[in-house]
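Structure, as structure tokens:
No value in this document is a laboratory result; all are computed from the given coordinates. It should be emphasised that the depicted structure is a prediction, and the values quoted were computed from it without experimental measurement. Glycine also receives a Cβ, built like all others from the backbone with ideal geometry; neighbour counts cover every protein chain displayed.
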Amino acid sequence: MAGYVGFLRGTEDAQTHLSPAEAQRTLERYIEWSASLAAAGNPVGGGGLSRRGRVVRGLDATDGPFVEGTEILGGFLTIEATDLDEAEKIFSSHPHLDFGSIEVRKIGAQGCEP
Amino acid sequence: MDPARPLAGGSGLRPPISSLPAGTDSSGGSARQGVDNSEPGWPLAPEATLPRGTDSSGGSAGWGVDNSGQVVEQLFRHSAGRITATLVRVLGPAHLDLAEEAVQEAMVRALQRWPFAGVPANPRGWLFSVARNHVLGSVRHGAVVRAKLPLLATPEVVDDEPAGDDELALMFLCCHPELPLVSQVAMTLRTVGGLGVNEIATALLTAPATVAQRLVRAKKWLRTEAARVVDVPRADALESRLDAVLSVLYLLFNAGYDAVEGDRLVRGELCAEAVRLCRLLCADPRTDLPRVRALLALMLLHGSRLAARTDDAGDLLLLAEQDRGRWDQRMIAEGVRVFGDSCVGVAKSAFHIEAAIALCHVGVATEWARIVGLYDELLTVKPSPVAALNRAVAAAMAGDLDPAELNRLREEPALRDYHLLPAALGALWLRAGEPRLAAEYYREALTKRCSAPARRFLQRQLALCL
């Protein structure tokens, strides 16, 4: 098993039109996804990210966001999987996919693996 | 097998606080195992957002939401209404838009943070802080906000105490008599109840664009009436304004009882919200009136059967298929008690009659003839096509199928987009041994807007006809 991280991307306004009722359901689905994975023995880690940040290049720093225009990186989740295919399969059920994309990467145990 | 399906039992603007045709099923024991040790299936007070689903019986009691995510249960809906209410009190009704925008912002931030970073210890306080900061940071409303800033910064506003008064005030504001009734309903559902435009449209049997337009106009009216004080109206104005509030709570309950959108038919949280707001009214001596109690009883009695209405996959169950052991006996007991408390004085409201109908449905066997009688009474007090439809169905269940009346109902404009009308006709014809005719009606029902589980149900019934 290896660690995999999923970067959750979406447009900044993807969730701004949700009613409280819809937001409630969305939040519950997000939390349930992690809870059910944890219940199956695969505890989910992760963290939120601030909306803005800086990119450091040499001596200069520029303000983010870092991907194309309106897209933001909302947070990341870490899971365990045997390989990238399985990790992709696990993340493919995440409710965030209703709002944006998830980029899945292996957390390299020995530096940067391909 | 009983082909009848849950049918609308409501009267008035919107369908179904449903009367479930009970068939002849009288088998199930009525007491839930371990009920004495279990938590009630819904929040008893605004603060009781946490413990749902902790009942020892193992069944998902009450509102049919599963157990994970308990920490945030109902949080957005409760908090959205309460924070909006508090901000509107401080900022004035003209700034309802800003208050809503601030609450929206807080929810989006929570959605972006909580799934990864965990839910904060005081989630409602967290939401309030973000919403308040958004208001304070608002450039557009700068001058107003700066003037109100001392108020917003006071600890009692930030405090996580029940904001019942603010919510009552906001409810009465939304139900202001100068707004058209349908707009009052839409505003309350949106602002206090936390429903989206599509959900409101469904609840009101109207188009989403119409609802959106009504909301825009209502808010515009609020802006022009900026000087008006947001408060619960004085006693002499209370009577006339209370009925609008009650209609709205009734609709909110219905929106949850037979949610038409999404995968989860039983949106227990909406029902719980309606009950919570009705409890606010019952808790205030100014609004604790018999018909308010009758409405609460009505919601409790129907709510008691919520969890049993769907199977584990979220599919609708016919009453004959339901496990009566999953009916929430505590809610029934409370509903019966509250109904008793509502029977004081001389005035008998439509809610009293509907609560009496609800009471018939939680009995061991359903006395259809008696229900027909109650619908007759209801139709004289508060005529509506949906009540007429329910009467016709109850009459059919009592052995008195009246095709002419049902055909007349098909001419009702208000029922044109109502999937339960053809569904009822399908059920009745199937029951009458006319599967081909029934199939046509089920096909027609499938062309109307309804929830995914309701759709699966209709397809299942259609398959029985073929």
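Values as computed for the structure displayed
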read-out	value
Inter-label distance for residue B:234 and residue B:440, nm, one decimal - labels placed 7 Å from Cα along Cα-to-Cβ	6.1 nm
Cα-projected label distance for residue A:99 with residue A:55, points at 7 Å along beta-carbon direction, nm	2.4 nm
Per-bin percent of Cα-Cα distances, segment A:2-106 [5 Å]	2, 11, 20, 22, 17, 14, 8, 4, 1, 0
Virtual spin-label span in nm between residue B:405 and residue B:181, 7 Å along Cα→Cβ	2.3 nm
Lys/Arg +1, Asp/Glu -1 at C-beta; segment A:2-106 dipole; positive extreme among A:94, A:18, A:3	A:3
Cβ-Cβ FRET estimate between residue B:459 and residue B:347, R0 fixed at 41 Å, reported to 0.05	0.35
Neighbourhood charge, 10 Å Cβ-Cβ cut-off, centred on residue A:1 and excluding it, Lys, Arg +1 and Asp, Glu -1	-3
Euclidean distance of C-alpha centroids, segment A:1-38 and segment B:164-187, integer Å	33 Å
Karplus 3J(HN,Hα) series, Hz, for segment B:409-414 with 6.51 cos²θ - 1.76 cosθ + 1.60 (x for Gly, Pro)	5, 5, 8, 5, x, 5
